[in-house]
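Chemist: Handing you this structure, nothing more for now.
The values are calculated or read from the model by the stated rules, or taken from the named source; none is laboratory data. From a predicted model like this one, the values you see are computed outputs, not experimental measurements. All Cβ positions, glycine included, derive from the backbone under ideal geometry; neighbour counts span all protein chains shown. Accessible surface areas use protein heavy atoms only, side chains included; no ligands, DNA or RNA. Shrake-Rupley method; radii C 1.70, N 1.55, O 1.52, S 1.80 Å.
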Amino acid sequence: RIKGDTRFGTAVGISQSGWTKADTVILARSDDYADALAGVPLAYALDAPILLTRPTNLPDETLDEIMRLGAEKVIVLGGEGAISSDIVVQLEKTGLNVERISGSTRTATAVEIAKRLAPEGTDKAVVVNGFDFPDALSVASQAAIQGMPILLTQANALSEATAEALADLGVTETIVVGGKSVVSDDVMSQLPNAERVSGSDRVETNIAVQEHFNVDAKHMYVATGNNFADSLTGA
């Protein structure tokens, strides 16, 4: 069991179990999942742990872990409403290089993360409901391993930012995770060569994702399907 007294402490525990040092750390808000979720493939590509913060107050344990890792750079996910400029200033005062990746909405932030992950474009992308987390969490680690960006949609309307990103990145195949109630057939029809991976509920969808990617792992994380924070930092 990897745990802390709070979600911040659990994120630190996961970081300590996986890294003795890291040049870069991903910092995401602790009370909403969308930015951190989209950031999982980028974190994997950069070999960077994901740590958590309150929107306006950086927990001491998070800053201490950044220092323990000997990080030189922190990538902040989301706009100032997600992580305040005061936190950025606090990090910079310790000598860290801080990069903010953000857009005007959660879907736009996911697009900016995708561009950072795949500056030359990508053939494949994952599209998930950006307003509920279980299905998206199930695919995050496999999307990361495959180098696929995670883009967000509403259940019944594809955002303009996501549609433009699919075209700009040159995506020719998409994996839609979740049933018709989380990503409708109408939205799916607007995606290039879309394939749906889903089950009868969030647990069955999780299993379907593992089967889709032929997961054969010696070790697996097991986390609650009713809270996103621990699952995200372990992804």
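Chemist: Taking the stated definitions as given, is Thr122 more than 30 Å from Arg196 (Cβ to Cβ) and free of Cβ contacts under 8 Å to residues at least 60 places away in the same chain?
Modeler: So Thr122 does not fit the description; no.
Chemist: If Gly78 satisfies every condition in (1) under 18 Å from Ala22 (Cα atoms); (2) crowded, with 23+ Cβ neighbours inside 10 Å but one, which is the exception?
Modeler: So the condition that Gly78 fails would be (1).
Chemist: OK, next. Report yes if some residue within the stretch 11-24 is of a type outside the set (Lys, Arg), within 20 Å of Ser104 (Cα to Cα), buried (at least 24 other Cβ atoms within 10 Å of the Cβ) and modelled with pLDDT of 95 or more; otherwise report no.
Modeler: Scanning the stretch 11-24 turns up no residue that is of a type outside the set (Lys, Arg), within 20 Å of Ser104 (Cα to Cα), buried (at least 24 other Cβ atoms within 10 Å of the Cβ) and modelled with pLDDT of 95 or more.
Chemist: Sort out which residues of the stretch 191-208 are small (Gly, Ala, Ser) and either crowded, with 17+ Cβ neighbours inside 10 Å or touching a residue at least 40 places away in the same chain (Cβ under 8 Å) (or both), and write them in order of number.
Modeler: Hits for the stretch 191-208 are Ala194, Ser198, Gly199, Ala208.
Chemist: Considering only the stretch 146-190, state which residues are aliphatic (A, V, I, L, M), open to solvent by less than 40 Å² (accessible area, probe 1.4 Å) and outside any loop (DSSP other than H, G, I, E, B).
Modeler: Ile150, Leu151, Leu152, Ala161, Ala165, Leu166, Ile175, Val176, Val177, Val187, Met188
Chemist: Output the residues belonging to the stretch 109-133 that are farther than 23 Å from Gly179 by Cα, among the hydrophobic types (A, V, I, L, M, F, W, C) and surrounded by fewer than 23 Cβ atoms within 10 Å (Cβ to Cβ).
Modeler: Scanning the stretch 109-133 gives a single hit, Ala118.
Chemist: Would you call Ile75 closer than 13 Å to Leu27 by Cβ and assigned to a helix (DSSP H, G or I)?
Modeler: In short, no.
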